[in-house]
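This report concerns only the one structure given below.
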Amino acid sequence: MIVPPAFLLHAACHTARHALAYVSNESGYMEIWQADAYMENRQQLTRLHGMVKYPQWSNNGRYIAFVGRFPAEEEDKLMLLEVKTGQLTQLKTGARWHGQISWWYDDSAVIFSHGSNLFSINLSSGDINQLTVKGGIGAQMPAADRFYFSKGRNRGLWQLLPDGSEVQLLPGSVFSSRTAWTVAEQGIYFLQQKPDQLLVSYYDTANGQLKDVILLPPDLLHLLSIMSFDAENQRLLFELSMHPRADIHKLSHPLLH
């Protein structure tokens, strides 16, 4: 499923809640919205009148973590939105900007990138733990022993093991930092650039096998498109941030007659 491009910038799917969280300028400001699995029943969740990006559901569906910047401020903030109550909490990371974010497998912490490495901040204690020292710009952690991350441009896909060691799963020639990817059950879907096309590929983390899934025209997507996997409906969701929608109006004026 390709999510309509009308106002979408970043999207995250949460199948337990049957809901999408996404960034929209529908209100006139970039805010976080929620919709059902088919982009209907939209509901505005934030009213910050600033900048928001990277919304990510917690695994239990209680929270959405995101990166925000308030009006007249020049630094990012890592924010936590309790969806039911609308309560906003700042997670104080000490960083002036934040890259991609994701959740610890048990929702005890939020993972964020800063300075080309990955960190986690514990929601209860506020403690910050540096996870990588040799590079890391985006991670997904579906289980205690499954921590996957990208190191950067042309450096491939890696796994961080519980003992802190790192194992490369895919080389940079196949998996780049400019690659949209998402964890799906026992594997990882990701995009590859091909001549005049984009290839959706699947890496099976159980047996290490790589297979091609489908070719897509590049005018629909780009390598940095956000991907999510909807386990309930067994489908991939893509956002189309490069194709904003604009309304066309007919104007009249006496000087035009």
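Restricting attention to the stretch 28-44, the residues being closer than 14 Å to Val67 by Cα and assigned to a loop (DSSP other than H, G, I, E, B) number 1.
The residue that is farthest from Asn117 (Cα to Cα), counting only those in the stretch 80-100 that are among the aliphatic types (A, V, I, L, M) and open to solvent by 10 Å² or more (accessible area, probe 1.4 Å), is Val83. Val174 falls short on exactly one of the conditions (1) surrounded by fewer than 18 Cβ atoms within 10 Å (Cβ to Cβ); (2) over 20 Å from Ala206 (Cβ atoms); (3) of a type in the set (Val, Ile, Thr), and that condition is (2). In the stretch 126-171, the qualifying residues are those that are acidic (Asp, Glu) and at pLDDT 95 or above, and the one that is most open to solvent (accessible area, probe 1.4 Å) is Asp127. Looking across Leu251, Leu256, Leu199, one residue alone is at pLDDT 80 or above and either exposed (fewer than 14 other Cβ atoms within 10 Å of the Cβ) or under 22 Å from the mean Cα position of the chain (by Cα) (or both). It is Leu199. Restricting Gly99, Gly136 to residues that are under 28 Å from Gln44 (Cα atoms), outside any strand (DSSP E or B) and either within 16 Å of the chain's Cα centre (by Cα) or of a type in the set (D, E, K, R) (or both) narrows the list to Gly99. As a summary of the residue check, Leu81 satisfies the conditions (1) assigned to a loop (DSSP other than H, G, I, E, B); (2) more than 30 Å from Leu170 (Cα to Cα) except for the one numbered (1). Looking across the stretch 143-189, the residues that are touching a residue at least 12 places away in the same chain (Cβ under 8 Å), closer than 25 Å to Asn59 by Cβ and among the β-branched types (Val, Ile, Thr) come down to Thr179, Thr182, Val183, Ile188.
The values are calculated or read from the model by the stated rules, or taken from the named source; none is laboratory data. Keep in mind the model is a prediction, meaning the values are calculated, not measured. Backbone-built Cβ (ideal geometry, glycine too); neighbour counts: all protein chains shown. Note: areas computed on protein heavy atoms with side chains; ligands, DNA, RNA excluded. Shrake-Rupley method; radii C 1.70, N 1.55, O 1.52, S 1.80 Å.
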